[in-house]
Amino acid sequence: MRKITVFDTTLRDGEQSAGVNLNLQEKLEIARQLERLGVDIIEAGFPAASPGDLASTKEIAQTIKGASVTGLARASKKDIDAAWEALKVAAEPRLHVFLATSPIHRQHKLKMSKDEVVAKAVETVRYAKTFFPQVQFSAEDAGRTELEFLREVITAVIDAGATVVNIPDTVGYLMPEEYGAIFKYLKDEVPNIDKALLSAHCHDDLGFAVANSLAAIQNGATQVEGTINGIGERAGNAALEEILVNLNIRQDFYQAEARAKLDQLSRTSRLVASLTGMQVPPNKAVVGANAFAHESGIHQDGVLKERTTYEIISPQLVGLDSNQLVLGKHSGRHALKERMEFLGYSLSEEQLQDLFIKFKELADKKKELHDDDLVALVHDSTLTEDGDVFKLDYLHVSYMNSIATATIRLETPSGLQTEEAAIGSGSVEAIYNTIEKMVQMRIHLLDYKIRSLSKGRDALAEVYVKVSYEGFVGTGRGIDHDVLGASSKAFIDSINRLRKMKKPKHFIEDQEEYSTHCVQDSFN
Ligand SMILES: CC(=O)SCCNC(=O)CCNC(=O)[C@H](O)C(C)(C)COP(=O)(O)OP(=O)(O)OC[C@H]1O[C@@H](n2cnc3c(N)ncnc32)[C@H](O)[C@@H]1OP(=O)(O)O
Ligand SMILES: CC(C)C(=O)C(=O)O
Ligand SMILES: [Mg+2]
């Protein structure tokens with residue numbers, strides 16, 4: 001199994017993301033987590049860029065012992081001196097110098113000839129080697145460099161003492177086959193290639209950063225560079241978590257391994273997202289919030305029967321407790337049953353079916369159903385399961401000039417449909433006046449309470465009412481995604497309960513005592 005050295009540049013190339021600026025404490029916190037993750041090299045900054053970058057690189061070099069710490073420098077003595085100032089405290093000082101090699105960069109940016117680039121690269125590596133035992137040379141924009149010239153530069157810098165040579169696809173231009181072919185070419189054609197590690201560094205402009213990095217590994221790269229969550233300049237760098245999980249899950253294919261502890265990946269991703277403010281999209285591979293969430297019934301059924309039907313990565317591998325079966329409108333009975341059992345309800349087939357119908361009705365209106373919603377639904381269905389009750393069929397409320405009008409259709413205990421309308425000074429009063437007319441009972445509302453059952457704007461509403469009718473006191477409860485729907489259902493529920501009361505058993509003079517008894521009776 002080939003060993004792959006993992007080079008993390010979240011704190012250098014990652015921090016080059018537009019809008020990201022980490023302070024010393026934040027950088028240190030990320031560096032400590034990268035150490036826990038077990039990356040081999042942490043690129044802590046670009047010391048010549050600013051006094052702050054120098055100070056944080058130095059602090060990280062001083063603090064981190066479980067990984068090698070490096071910093072970036074241009075092919076310039078001033079930059080290398082600044083890097084030495086920051087990194088001389090490290091256990092094994094390591095420098096990363098770069099110089100562009102592509103015709104575009106030579107001509108327009110550096111204004112240097114090929115010979116001048118080779119000479120500058122060699123001079124730089126030699127100078128760096130007077131301080132640093134480990135020197136990495138990066139041929140910036142190697143991806144767009146003439147192969148023969150790249151071979152010449154790489155051979156020269158290894159001769160000058162470079163211990164790592166990096167072949168960046170700086171602008172994310174190459175296809176995996178092309179990038180892999182460069183590594184194969186250099187392995188075959190650079191005579192001293194065995195004296196240095198060969199490194200891959202990819203950007204995601206065309207969406208191939210991870211694929212390109214893996215293609216490089218397939219073709220001989222022994223070091224891979226990237227950032228957590230793939231943050232970085234423009235479209236970002238290769239996402240390290242994706243590369244690491246690929247190497248683990250498809251070890252059979254790559255025949256290569258890294259020493260990183262994958263169960264630290266989720267935590268590292270969350271830390272980087274929160275400190276950089278660059279949130280991870282939910283569908284992002286490995287660390288997205290939905291990466292281990294199954295919503296559709298067929299998938300949930302498969303996962304419940306055998307996890308690997310739809311899950312190639314176990315959540316525990318990346319440090320999560322478990323996968324998630326999200327209950328929503330695409331879910332099926334298997335997942336609903338499993339969740340209800342988890343919540344302590346063992347439902348008969350009939351009860352499950354009844355609940356499932358209500359579940360689907362609610363799921364059409366609500367994005368995701370939480371445990372509270374399910375408990376509410378199961379209670380709601382068991383309250384009305386014995387038939388012989390009024391049921392709400394249709395509700396319309398309008399409110400104009402301080403007058404509310406409710407139009408309601410009820411299904412009566414004998415199965416008939418009846419419709420009525422009435423007004424009130426508010427919507428709930430209009431609803432209750434209408435229902436009262438329909439059931440032909442003079443009902444006094446003694447109490448009305450409303451609360452939200454779950455989280456979010458689309459949470460279910462639960463309404464409790466306490467009512468009295470000819471000396472009887474009863475309560476009712478209604479749950480609905482709409483507060484007026486819940487209010488109607490609670491009132492109808494209280495009427496259904498009153499209708500079922502048997503006078504000798506339930507008639508209690510003390511109304512408080514009766515009410516408590518009734519509530520317990522209803523909800524136990
Ligand atoms: C692919 C990459 O990610 S490379 C790293 C990119 N990261 C950064 O640039 C972040 C930190 N950078 C900075 O803070 C600043 O650019 C500094 C402090 C390094 C330099 O600032 P300035 O001196 O004002 O130069 P400026 O950034 O405007 O221009 C870059 C100069 O470096 C030169 N240069 C670029 N790359 C290299 C190199 N590898 N070696 C030597 N010189 C280089 C450019 O040709 C240009 O030189 P010129 O002034 O002679 O035209
Ligand atoms: C400095 C180099 C390695 C770089 O970040 C790039 O070329 O993308
Ligand atoms: Mg880069």
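The values are calculated or read from the model by the stated rules, or taken from the named source; none is laboratory data. None of the values given here were measured: they were computed from a predicted structure. Every residue, glycine as well, gets a Cβ built from its backbone with ideal geometry; the counts of neighbours run over all protein chains shown.
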Checklist outcome for this item: Selection over segment 1-60 where residues are touching a helix residue (DSSP H, G or I) at 6+ places or on another chain (Cβ under 8 Å), surrounded by 18 or more Cβ atoms within 10 Å (Cβ to Cβ), in contact (Cβ under 8 Å) with a residue 60 or more places away in the chain and among the β-branched types (Val, Ile, Thr) yields a count of 5
Item to check | Cβ-Cβ under 9 Å pairs, at least 6 apart or on other chains, segment 313-330 side in the same structural domain as residue 373 (by TED's automatic domain parsing) and part of a loop (DSSP other than H, G, I, E, B), far side polar (S, T, N, Q) and surrounded by fewer than 18 Cβ atoms within 10 Å (Cβ to Cβ) | outcome: 313/248; 314/308; 320/314; 322/316; 323/314; 326/290; 328/296; 330/296
Checklist entry - Here is a list of conditions, (1) within 16 Å of ligand 2 (Cβ to nearest atom); (2) farther than 22 Å from residue 43 by Cα; (3) surrounded by 18 or more Cβ atoms within 10 Å (Cβ to Cβ), and residue 206 meets all of them except one; can you say which number that is? => result (3)
Next on the checklist: Contact list please: Cβ distance under 9 Å, first residue in segment 64-79 and under 14 Å from residue 6 (Cβ atoms), second residue more than 11 Å from ligand 2 (Cβ to nearest atom) and among the hydroxyl-bearing types (Ser, Thr, Tyr), pairs at least six apart or on different chains.
Outcome noted: 69/57; 69/63; 70/57
Item to check | When residues of segment 82-101 are limited to those that are within 14 Å of ligand 2 (Cβ to nearest atom) and among the small types (Gly, Ala, Ser), the one surrounded by the fewest Cβ atoms within 10 Å (Cβ to Cβ) | outcome: 100
Item to check | Within segment 1-32, tally of residues that are in contact with a strand residue (DSSP E or B) (Cβ under 8 Å, 6 or more places away or on another chain) and among the hydrophobic types (A, V, I, L, M, F, W, C) | outcome: 6
Checklist entry - List the pairs whose first member sits in segment 159-170 and is farther than 10 Å from residue 138 by Cα, whose second member is away from ligand 3 (no atom under 15 Å from the Cβ) and not hydrophobic (A, V, I, L, M, F, W, C), and whose Cβ atoms are under 6 Å apart, counting only residues at least 6 apart or on separate chains? => result 160/126; 161/129; 163/134
Next on the checklist: Show me the strands (runs of 3 or more DSSP E) found entirely inside segment 427-491 where at least 2 residues are surrounded by 23 or more Cβ atoms within 10 Å (Cβ to Cβ) and not acidic (Asp, Glu).
Outcome noted: 461-469, 472-480
Checklist entry - Considering 142, 91, 162, 156, which residue is of a type outside the set (D, E, K, R), in the same structural domain as residue 230 (by TED's automatic domain parsing) and within 21 Å of residue 78 (Cα to Cα)? => result 162
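Here is a check on your reading of the model: is residue 100 in the same structural domain as residue 167 (by TED's automatic domain parsing) and in contact (Cβ under 8 Å) with a residue 12 or more places away in the chain?
For residue 100, the condition - in the same structural domain as residue 167 (by TED's automatic domain parsing) and in contact (Cβ under 8 Å) with a residue 12 or more places away in the chain - is met.
Quick check: is even one residue across segment 229-241 in the same structural domain as residue 34 (by TED's automatic domain parsing), in a strand (DSSP E or B), among the hydrophobic types (A, V, I, L, M, F, W, C) and within 16 Å of ligand 2 (Cβ to nearest atom)?
Yes, there is a match, as at least one residue in segment 229-241 is in the same structural domain as residue 34 (by TED's automatic domain parsing), in a strand (DSSP E or B), among the hydrophobic types (A, V, I, L, M, F, W, C) and within 16 Å of ligand 2 (Cβ to nearest atom).
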Item to check | Members of segment 138-157 that are β-branched (Val, Ile, Thr) and surrounded by 22 or more Cβ atoms within 10 Å (Cβ to Cβ) | outcome: 145, 153, 154, 157
Next on the checklist: So for segment 287-302 (the condition being within 16 Å of ligand 2 (Cβ to nearest atom), closer than 30 Å to residue 19 by Cα and of a type outside the set (Lys, Arg)), does at least one residue qualify?
Outcome noted: no
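Here is a yes/no grid of residues against (1) more than 23 Å from residue 483 (Cα to Cα); (2) touching a residue at least 24 places away in the same chain (Cβ under 8 Å):
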site	(1), (2)
339	yes, yes
371	no, yes
416	yes, no
430	no, yes
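Conditions tested, residue by residue: (1) farther than 18 Å from residue 30 by Cβ; (2) not polar (S, T, N, Q).
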residue: 265; (1), (2): no, yes
residue: 268; (1), (2): no, no
residue: 280; (1), (2): no, yes
residue: 294; (1), (2): yes, yes
residue: 298; (1), (2): yes, yes
residue: 303; (1), (2): yes, yes
residue: 311; (1), (2): yes, yes
residue: 314; (1), (2): yes, no
